[in-house]
1. Where in the stretch 541-643 are there strands (runs of 3 or more DSSP E), lying wholly inside it, with at least 3 residues that are touching a Cys at 6+ places or on another chain (Cβ under 7 Å), more than 27 Å from Arg678 (Cα to Cα) and hydrophobic (A, V, I, L, M, F, W, C)?
2. Going by the structure shown, is Lys505 more than 18 Å from Asp376 (Cβ to Cβ) and surrounded by fewer than 17 Cβ atoms within 10 Å (Cβ to Cβ)?
3. Would you confirm whether or not the stretch 107-122 contains a residue that is among the charged types (D, E, K, R), out of contact with any strand residue (DSSP E or B) (no Cβ under 6 Å at 6 or more places or on another chain) and farther than 27 Å from Lys537 by Cα?
4. Out of the residues in the stretch 410-447 that are under 30 Å from Val341 (Cα atoms) and assigned to a loop (DSSP other than H, G, I, E, B), state the one that is nearest to the chain's Cα centre (by Cα).
5. Condition first: modelled with pLDDT of 90 or more, more than 30 Å from Ala116 (Cβ to Cβ) and crowded, with 23+ Cβ neighbours inside 10 Å. Can you find one or more residues in the stretch 421-428 that meet it?
6. Taking the stretch 528-554 as the search range and keeping residues that are under 14 Å from Leu407 (Cα atoms) and crowded, with 24+ Cβ neighbours inside 10 Å, which one is farthest from the chain's Cα centre (by Cα)?
7. Taking only the stretch 22-56 into account, find how many residues are over 18 Å from Ser396 (Cβ atoms), in a strand (DSSP E or B) and polar (S, T, N, Q).
Amino acid sequence: MKAVFYIEYHTVWGENMRLRAMGKNYPMQYTPGDIWKVEIGGLKSGRNFGYRYEVEKDGICVKAEWKSHNIFVPSKAKDAASCNNSHVTCAENAKDTIEVRDFWSDVPEDLPLHSAPFADGVFRTEPGKTWKAAGTAIPVFSLRSEKSFGVGEFCDIRLLADWAAMTGQKVLQLLPVNDTTMTDSWFDSYPYKANSIYALHPQFINLVEAGKEADEEYTELLAELNALPDVDYERVNLYKRTYLRELFARKGKKDLESEGFRKFFEENGYWLMPYAVFCCLRDKYRTADFSLWKGYEKYSEKKARKYCEEYPDEVGVWYFTQYHLHLQLADARAYARSKGVILKGDLPIGISRTSADAWLHPELFNLDSCAGAPPDAFSEDGQNWGLPTYNWEKMSEDDYAWWKERLANMAQYFDAFRIDHLLGFFRIWEIPYGISGGILGHFNPALPYREEELASLGFDMKDKRTALRGTYSGKTRKNTEGMEDVLFVEDRRKGFFHPRISASKTAAYAALPKELQEKFDRIHDDFFYHRHNAFWKGSALSKLPDLLASTGMLVCGEDLGMIPASVPEVMSELRILSLEIQRMPKTVGETFANPAWYPYLSVCTTSTHDMNPLRAWWNEDRQLTRRYWQEVMGKNGDAPEDCTPQVCREIIKAHLDSPAMLTILPLQDWLAMDGELRYGGDPADERINEPSDPDHYWHYRMHLTLEKLVAAGEFNSLVKSMISDSGRD
């Protein structure tokens, strides 16, 4: 079947239109009246055909439609029927051709106010009043209640929602909640390295809610683990796993035969079955590295189903666990919503190379590389996160179905989400697997230079001191000493090279004649600061609009650090809320940002999980604190030694008074406003993560119970009045 597509769109000089479908671009032809046209053959009858229109300039996408079109391809042209925002008819005098006339789909100006929490009536806007809200950020594992078993649990979210509602808050922001079990050790505490993008972490289950009897042994263990100042990750997970196996042996069969589980499996079996087998094989071979699983190195659905038949109980315990986790998190979300409070999730940019996702879909990832960050003022060698990068080209072939399924799964539990490292949708810093640090990385996607082009400028690309070749040879490099002393790094496409970042510090650069040094400087500066601006914007626009349009969740982006100019442009076009932090200003030359100048479409906060909370930051650098005290707070003299409750109140008031749509503060900073409720030990103990430490133990737990927090009447009245006075109630 053929289809002729028409769309009316006014372009400016130099721009053209194209239709994008299944990872391919189809150039369109301009016809009078600003009508663009393209004919596509080979459409399969009886199937849906999804596509969207893009505006391109010099081969790069400069604008994309917000929502894709979707038509049903009939077996006969005469059976064509209009659908969605497309008008489909049979072409005149053509039995096998349909004509499709479309309208351009633009991003709604007030898109965030049409997201799920508004559409479903959890939030309501008032005419003439700017909608703003306040909230709290806290990892689930950090929650503490009288009933939780040594770690925060999904059921604890109900108490947190009670506190949020009584203080006038509307948003609870959580860290990732996916299963990270790889080694059965505290190294698994890192929440951004999951073994499944779908599976929930078993540590968050409340055993009693799942059917466990609170006998004497259980009660004693609960009291012992709950008395610890932090999460004992290994003991908590060992005990929970043991109890879950006992629970499954007692009531698992009945639960898995229930109508509720049947429905759950119907909707989630596509990931649940492979995940369950993955967990069984991980435990059998005592490693999550599936390349070491004899006979199971590559995923086979046939083998997986056979395994389920042979070991139903081993697989069943993972079905049982995930089912109850699902029930408890879904219940927590529903309870929070009933209180006028929503949950905001976190979407990690990466996946683990030893995950069920990589085992199931290796073609979607570049397993010969690692994602990371280039060198900066905080990390001289850059960062290597050890996570594979995405094969975006392959993902585009089915219109990013993997991402859409991932977002749909999140939407079961969350009404808003934060995109971790939003920059990763524009480009990622990619490092060949086996190379430590981040110096020998490069951007992907990128516009590397051809070998011939660099040779014509005088660079001998055959010289090992000039270029590092074969970086994606598949060989693991244990000794990388001396490899950094080069000017260029080869791309995964042979014959293309990237300038090595900060190469001016190398001996190879020092050995160049001055003329070549100047040439290299020009190449380096153009490559890292100018060459890619439009290209990376096109990269993001080829992915983000369709992905974000597929979910009703409110979208927020983590856009901190040195980012290209195209990032705020795209965020503005797609109405993605930015992240604003006073001590990480986005204006060059500023030491501190002014919350009063934040944009409306933003999330305002005092700190993140990767930073010291307010009180600990106050003690980091006395000179900086003095500047903040005098320049930001307008005080005279030296800053107090301690960030007193009164100082914390003033700082938080300035953030609440910000024009930002959302002010979401860490729980530690809310509590810092009260001299009795605040943590009595070293404020640095309240830090959740230290990014410079790749082996950081994520085990922070709030020092008081949620029950005590809910009962703190005077403090809660203070929070409520501050939020109300700021217009966020």
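1. Numbers: elements: 554-557, 578-581, 602-605.
Once the strands (runs of 3 or more DSSP E) in the stretch 541-643 are filtered for at least 3 residues that are touching a Cys at 6+ places or on another chain (Cβ under 7 Å), more than 27 Å from Arg678 (Cα to Cα) and hydrophobic (A, V, I, L, M, F, W, C), nothing remains.
2. Working: more than 18 Å from Asp376 (Cβ to Cβ): no; surrounded by fewer than 17 Cβ atoms within 10 Å (Cβ to Cβ): yes.
Spelling it out, it is not the case that Lys505 is more than 18 Å from Asp376 (Cβ to Cβ) and surrounded by fewer than 17 Cβ atoms within 10 Å (Cβ to Cβ).
3. Just the residues of the stretch 107-122 that are among the charged types (D, E, K, R), to begin with: 109-110, 120.
Imposing the further condition that a residue be out of contact with any strand residue (DSSP E or B) (no Cβ under 6 Å at 6 or more places or on another chain) reduces the set to 109-110, 120.
Keeping just the survivors that are farther than 27 Å from Lys537 by Cα gives 120.
Yes, the stretch 107-122 contains a residue that is among the charged types (D, E, K, R), out of contact with any strand residue (DSSP E or B) (no Cβ under 6 Å at 6 or more places or on another chain) and farther than 27 Å from Lys537 by Cα.
4. Let us first name the residues in the stretch 410-447 that are under 30 Å from Val341 (Cα atoms), namely 410-425.
Those left that are additionally assigned to a loop (DSSP other than H, G, I, E, B): 411-415, 420-421.
Details: Ala411: 14, Gln412: 16, Tyr413: 15, Phe414: 13, Asp415: 15, Asp420: 3, His421: 6 Å.
Step by step, filter the stretch 410-447, then rank; the result is Asp420.
5. Pass one, the stretch 421-428, residues modelled with pLDDT of 90 or more: 421-428.
Among the residues that remain, those that are also more than 30 Å from Ala116 (Cβ to Cβ) are: none.
No, because not a single residue in the stretch 421-428 is modelled with pLDDT of 90 or more, more than 30 Å from Ala116 (Cβ to Cβ) and crowded, with 23+ Cβ neighbours inside 10 Å.
6. We begin by selecting, within the stretch 528-554, every residue under 14 Å from Leu407 (Cα atoms); these are 543-554.
Filter once more, keeping what is crowded, with 24+ Cβ neighbours inside 10 Å: 544-545, 554.
On the way: Leu544: 13, Pro545: 16, Leu554: 13 Å.
Of everything passing the filter in the stretch 528-554, Pro545 is farthest from the chain's Cα centre (by Cα).
7. 2
This table checks each residue for (1) more than 29 Å from Ser142 (Cα to Cα); (2) in contact with a Phe, Trp or Tyr (Cβ under 6 Å, 6 or more places away or on another chain); (3) buried (at least 17 other Cβ atoms within 10 Å of the Cβ).
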{"residue": "Asp215", "(1), (2), (3)": "no, no, no"}
{"residue": "Thr219", "(1), (2), (3)": "no, no, no"}
{"residue": "Asp232", "(1), (2), (3)": "no, no, yes"}
{"residue": "Arg245", "(1), (2), (3)": "no, no, no"}
{"residue": "Glu259", "(1), (2), (3)": "yes, no, no"}
{"residue": "Phe265", "(1), (2), (3)": "yes, no, no"}
{"residue": "Leu272", "(1), (2), (3)": "no, no, yes"}
{"residue": "Tyr275", "(1), (2), (3)": "no, no, yes"}
{"residue": "Leu281", "(1), (2), (3)": "yes, yes, yes"}
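The values are calculated or read from the model by the stated rules, or taken from the named source; none is laboratory data. In this text the structure is predicted, and so the values were computed from the model without any measurement. Reconstructed Cβ throughout: ideal geometry from the backbone, glycine too, with neighbour counts over all protein chains shown.
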